[in-house]
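Comments concern the structure below.
The values are calculated or read from the model by the stated rules, or taken from the named source; none is laboratory data. As the structure is a prediction and not an experimental result, all values here were calculated from the model. A quick note on method: Cβ atoms are made from the backbone with ideal geometry, for glycine too, and the neighbour counts reach across all protein chains shown. Accessible surface is based on the protein model in full, side chains and every heavy atom, while ligands, DNA and RNA are left aside. Shrake-Rupley method; radii C 1.70, N 1.55, O 1.52, S 1.80 Å.
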Amino acid sequence: MPDWTYIPLKSLAGTVLGVSRSRRWALRVLAAVVAAPGGRAFVAFVLGRFRRPDGVQVGAVVPARHARDALRVLPALGASVVEVDPGVEITVIDDPRIGTAVAALSAPGATVIAGPAVLLDAGPAWFRRVLEAATPTAPAQPWRDLPRDPRRWPSWVWGVVVGIGMVCAGLGAAVITLGPVLLWYDRDYLGLTTQGLNHIDHDLVDFLQHDRLTMAGTMVSIGVLYAGLAWGGIRRGWLWARDAYLISGVVGFPTLFYFLSTGFVEPLHLAVAVALFPLFLLAVWRSPAVPRWTVRSDGPERLRRRALLGQLLMILTGVGLLAGGAVISVVGMTGVFVPTDLEFLDTDTAHLRAANPHLVPFIAHDRAGFGGALLSAAIAVILLSMWGWRRGEAWVWWTLLLSAAAGFGPTLAIHFSIHYTDLSHLAPVYVGVVLTAIALILARPFLCDTGGE
């Protein structure tokens, strides 16, 4: 149970179930999850991978009646000490502020545990946030300190290069889409020019542009997410940033092989993947070795709680994108069109196949490729939102804002430009835009705040 569900939902749960019962059920459910096969690893994954600092002991004191469940749950959350009822020779704090715990840990050999009120007020991620704040860190590496020999570049540099490469590839695809639409290999495969496509269906060129510009925007979005994760996360030693980068790429790059179901191989798409994949491996081959982050105090609690609600909404947006990517991938490799597509074209699949046997596989490649790219982007959005929400990490806010603008902006622009504005078709996009806007508005004062208390 991460803070982004605990804090926004605990008031609702307390109202529906009662405060005491909702807390008891939450602890029991989490204990059942931890006790299940693989449950502890699942909890660790949701919270994000983390390197515990040496010699730092944090824990909690719990009432005896909750001891059994707490002894299962709290170590999975990061507690190294769980005491049943207060004892001696341990510093028990009742202030949920991270600075209070860090100050208490400054004494040699100190063990700090949180009283029940702290965990109920601050949320289950309190342990992780204290450990992060107590971890000795070094300054983040600037560009000017990079060695001239690329063989000695750290992994984060290659991560930024991959992100820039994706942005350039997406912009190039957009220029082609808004210009000639078809390149020489497209014309060779189809045996048609854009004029020939217009003879088959007068809306077909517009439809191809809508598919390809949406794909181009998603590529730019992925590039922004990768560059942000590399510069803001991997460069600063966050293990979770490398994991998010890795998981997104592991899902995204294999979608190149969607062509096995569509039958059309686009040389430019293949060239971009072949060029970027080795650089991607260089970016994720090693985990960040040295913690280089800056941990700031939580600041005003009301801003943190608003930000956690924004975090929950951003994760839900990512989950929606993930579902959309999966659906589009399946449709692209099977039926190719959804009903609103055929209504826009005022035709049917049989007519298109009869007009040109290569036309439907050609469109299928674009659709499936967009679905695969959307899967990759969605995973990066989900994991960055799950693991990156910390006060003062403005790069997280800007990365999500710019990636959303790159993804949603061209999608809406091309749909309105070609008058493909069916509400049922664009409803998921509208929902995504609204949720993202609300999430980022709620989170901005927290993520972009680098001041003091």
_Pick from region 259-277, criterion β-branched (Val, Ile, Thr) and open to solvent by 50 Å² or more (accessible area, probe 1.4 Å), ranking: nearest to Trp153 (Cα to Cα)_ = Val274
*Return yes when Leu256 is under 15 Å from His365 (Cβ atoms), among the aliphatic types (A, V, I, L, M) and open to solvent by 50 Å² or more (accessible area, probe 1.4 Å) and no when it is not.*
no
*What is the residue count in region 418-428 for residues that are touching a residue at least 24 places away in the same chain (Cβ under 8 Å) and open to solvent by 10 Å² or more (accessible area, probe 1.4 Å)?*
5
*Would you call Ala405 in a helix (DSSP H, G or I) and open to solvent by 30 Å² or more (accessible area, probe 1.4 Å)?*
yes
*For region 278-319, what are the residues that are open to solvent by 60 Å² or more (accessible area, probe 1.4 Å) and of a type in the set (Gly, Ala, Ser)?*
Ala289
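Applying the selection to region 177-202, what residues are among the charged types (D, E, K, R) and open to solvent by less than 30 Å² (accessible area, probe 1.4 Å)?
If the condition is that a residue be among the charged types (D, E, K, R) and open to solvent by less than 30 Å² (accessible area, probe 1.4 Å), then Asp186, Asp201 are the ones that fit.
Condition check: surrounded by 13 or more Cβ atoms within 10 Å (Cβ to Cβ) and in contact (Cβ under 8 Å) with a residue 12 or more places away in the chain. Does Phe42 satisfy that?
So Phe42 fails the test.
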*In region 138-165, the residues that are open to solvent by 30 Å² or more (accessible area, probe 1.4 Å) and at pLDDT 95 or above*: Trp158, Val161, Ile164
*Residues of region 34-47 being within 22 Å of Ile379 (Cβ to Cβ) and hydrophobic (A, V, I, L, M, F, W, C), which ones?*
Ala41, Phe42, Val43, Ala44, Phe45, Val46, Leu47
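This table checks each residue for (1) among the basic types (Lys, Arg); (2) touching a residue at least 24 places away in the same chain (Cβ under 8 Å); (3) over 28 Å from Trp126 (Cβ atoms); (4) buried (at least 16 other Cβ atoms within 10 Å of the Cβ).
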residue: His365; (1), (2), (3), (4): no, yes, yes, yes
residue: Val381; (1), (2), (3), (4): no, yes, no, yes
residue: Leu384; (1), (2), (3), (4): no, yes, no, yes
residue: Gly392; (1), (2), (3), (4): no, yes, no, yes
residue: Tyr430; (1), (2), (3), (4): no, no, yes, no
residue: Ala443; (1), (2), (3), (4): no, yes, no, yes
residue: Thr450; (1), (2), (3), (4): no, yes, no, no
*Out of region 280-296, which residues are of a type in the set (D, E, K, R) and in contact with a Phe, Trp or Tyr (Cβ under 9 Å, 6 or more places away or on another chain)?*
Arg292
*Would you check which residues across region 387-417 are within 13 Å of the chain's Cα centre (by Cα) and farther than 18 Å from Ile222 by Cα and list them?*
Trp389
_Every residue from region 283-309 that is more than 28 Å from Gly371 (Cβ to Cβ) and either free of Cβ contacts under 8 Å to residues at least 12 places away in the same chain or assigned to a helix (DSSP H, G or I) (or both)_ = Glu301, Arg302, Leu303, Arg304, Arg305, Arg306, Ala307, Leu308, Leu309
*State yes or no: is Val73 of a type outside the set (Lys, Arg), surrounded by 15 or more Cβ atoms within 10 Å (Cβ to Cβ), within 29 Å of the chain's Cα centre (by Cα) and within 26 Å of Gly388 (Cβ to Cβ)?*
yes
*Report the residue count in region 322-332 for those that are in contact with a Leu (Cβ under 9 Å, 6 or more places away or on another chain), buried (at least 16 other Cβ atoms within 10 Å of the Cβ) and of a type in the set (A, V, I, L, M).*
2
*Quick one: in region 203-253, which of the residues that are in contact with a Pro (Cβ under 7 Å, 6 or more places away or on another chain) and either more than 19 Å from Trp387 (Cα to Cα) or in a helix (DSSP H, G or I) (or both) is most open to solvent (accessible area, probe 1.4 Å)?*
Arg242
*Restricting attention to region 48-69, and to residues there that are touching a Phe, Trp or Tyr at 6+ places or on another chain (Cβ under 8 Å) and of a type outside the set (Gly, Ala, Ser), which single residue is surrounded by the most Cβ atoms within 10 Å (Cβ to Cβ)?*
Val58
*Only one of Leu400, Leu412, Leu383, Leu375 is within 14 Å of Val224 (Cα to Cα) and modelled with pLDDT of 95 or more; which?*
Leu400
*What residue, among those in region 30-39 that are surrounded by fewer than 15 Cβ atoms within 10 Å (Cβ to Cβ) and of a type in the set (A, V, I, L, M), is nearest to Ala76 (Cα to Cα)?*
Ala35
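Would you mind listing the strands (runs of 3 or more DSSP E) fully within region 1-106 where at least 1 residues are touching an Asp or Glu at 6+ places or on another chain (Cβ under 7 Å)?
Counting at least 1 such residues, we get 57-62.
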